[in-house]
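Asks: Could you have a look at this structure, given as structure tokens, before my questions?
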Amino acid sequence: MRVLTAEELVSAEKALKDYFPKSLKVYGHIFSINRCKSHTTEVLVDSWPDFKTIICRSSLKGYRVDAFTKDEDNLRTILKDTDVLDWSGFFLLGGVDFCHLNMVKEVAAYKNAPLCLAAKCFLMMLENPDHLPKLPVDRVSSSRITSLNMSHVDLVNKAWKFGGDESGARIIQTLISNFPSCCIVDGSGKPVSWILTYEYCAMGILYTSPEHRGKGYAKTLVTAAAKSLQQQGYPIYCFIEEDNERSYRLFKDLGFKEVPDYRAAWFRPNDDIPNKLIS
């Protein structure tokens, strides 16, 4: 595999639209790179322009890899017989179509790498943001809806289920610095509810502090964030873990549609968590 050039990345962004929704995560990475957003991602391709597999490899937290393929056998060969991934250590293989589960298990077993299923998610897309409800200004004054800034990094990191450490703080800092975010602040200016945009353009890290739940803040923020993303030309989508019924209902009620024949999976090779291991 080889790294795509800047010119090829522009063409790749256009080409991946033909494979929505399954290509959305890789598309989102390339969308960000093409707009000079801060990133630590390189994009590799098996061949060009007639590609079968595109891989985004990032070192933002550990060793993160996102993959889109049109050909499972091609992806199997790349994972098994090339040095694109280092199976001797920990990395996160994310956003892979769950239909490739058996193939990933096969490769992990061949590499003698214990394999954990970190998450299995619905992909939720918003096709027409014009149908979003008006912001409920009767509940939240528009002056209290703002963006996160660097002074909020520790607050967000401590509340994030995948954060709480220094690497989590670096991720939050990168996202706040370079990608759209939305928050609601209290009377003292402290955020009490927020949503961020990942480096692959998906909405995420939605959180409301316990004492402010039940006030409709999450609905307000998803609405405000989606409208902002639309204005900036971003794709509007998110991943919702299968057991997160509350978030699933929230996004569905706002017009986001589940992709029925697709689930996104996150795998963690060499992360020996007993209740997550795949045999």
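Asks: Would a scan of the stretch 70-81 turn up a residue that is out of contact with any Leu (no Cβ under 6 Å at 6 or more places or on another chain), touching a residue at least 60 places away in the same chain (Cβ under 8 Å) and farther than 25 Å from Asp18 by Cα?
Replies: No, there is no match, as no residue in the stretch 70-81 is out of contact with any Leu (no Cβ under 6 Å at 6 or more places or on another chain), touching a residue at least 60 places away in the same chain (Cβ under 8 Å) and farther than 25 Å from Asp18 by Cα.
To keep it simple, each residue is scored yes or no on (1) under 27 Å from Asp130 (Cβ atoms); (2) more than 17 Å from the chain's Cα centre (by Cα).
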site	(1), (2)
Ser147	yes, yes
Asp154	no, yes
Lys158	no, yes
Cys183	yes, yes
Asp186	no, yes
Tyr198	yes, no
Lys219	yes, yes
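Asks: Using the structure shown, decide if Lys105 is of a type in the set (D, E, K, R), part of a helix (DSSP H, G or I), modelled with pLDDT of 90 or more and within 25 Å of Phe251 (Cα to Cα).
Replies: Considered against the rule, which asks whether it is of a type in the set (D, E, K, R), part of a helix (DSSP H, G or I), modelled with pLDDT of 90 or more and within 25 Å of Phe251 (Cα to Cα), Lys105 comes out as no.
Asks: Also, quick follow-up: Can you name the number of the only condition in (1) at pLDDT 95 or above; (2) under 20 Å from the mean Cα position of the chain (by Cα) that Leu75 fails?
Replies: Checking Leu75 against (1) at pLDDT 95 or above; (2) under 20 Å from the mean Cα position of the chain (by Cα), the one that fails is (2).
Asks: On the given criteria, is Ala226 of a type in the set (Gly, Ala, Ser), farther than 18 Å from Gly95 by Cα and in contact with a strand residue (DSSP E or B) (Cβ under 8 Å, 6 or more places away or on another chain)?
Replies: Spelling it out, Ala226 is indeed of a type in the set (Gly, Ala, Ser), farther than 18 Å from Gly95 by Cα and in contact with a strand residue (DSSP E or B) (Cβ under 8 Å, 6 or more places away or on another chain).
Asks: Then there's this: Of the residues Val259, Val185, Val192, which single one is β-branched (Val, Ile, Thr) and either within 21 Å of Phe162 (Cα to Cα) or touching a Phe, Trp or Tyr at 6+ places or on another chain (Cβ under 7 Å) (or both)?
Replies: After applying the criteria, what remains is Val192.
Asks: Then there's this: Considering each residue of the stretch 212-268, count those that are of a type in the set (D, E, K, R), in contact (Cβ under 8 Å) with a residue 60 or more places away in the chain and not in a helix (DSSP H, G or I), and give that number.
Replies: Residues that pass the stated criteria total 7.
Asks: Related question: For the stretch 145-178, name all the residues that are surrounded by 20 or more Cβ atoms within 10 Å (Cβ to Cβ) and in a loop (DSSP other than H, G, I, E, B).
Replies: Result: Leu148, Gly163.
Asks: Taking the stretch 191-209 as the region of interest, how many residues are modelled with pLDDT under 95 and more than 16 Å from Gly28 (Cα to Cα)?
Replies: Final tally of qualifying residues: 0.
The values are calculated or read from the model by the stated rules, or taken from the named source; none is laboratory data. The shown structure was predicted, so the numbers you read here are calculated from the model rather than taken from an experiment. Note: ideal-geometry Cβ built from the backbone for every residue, glycine included; neighbour counts use all protein chains shown.
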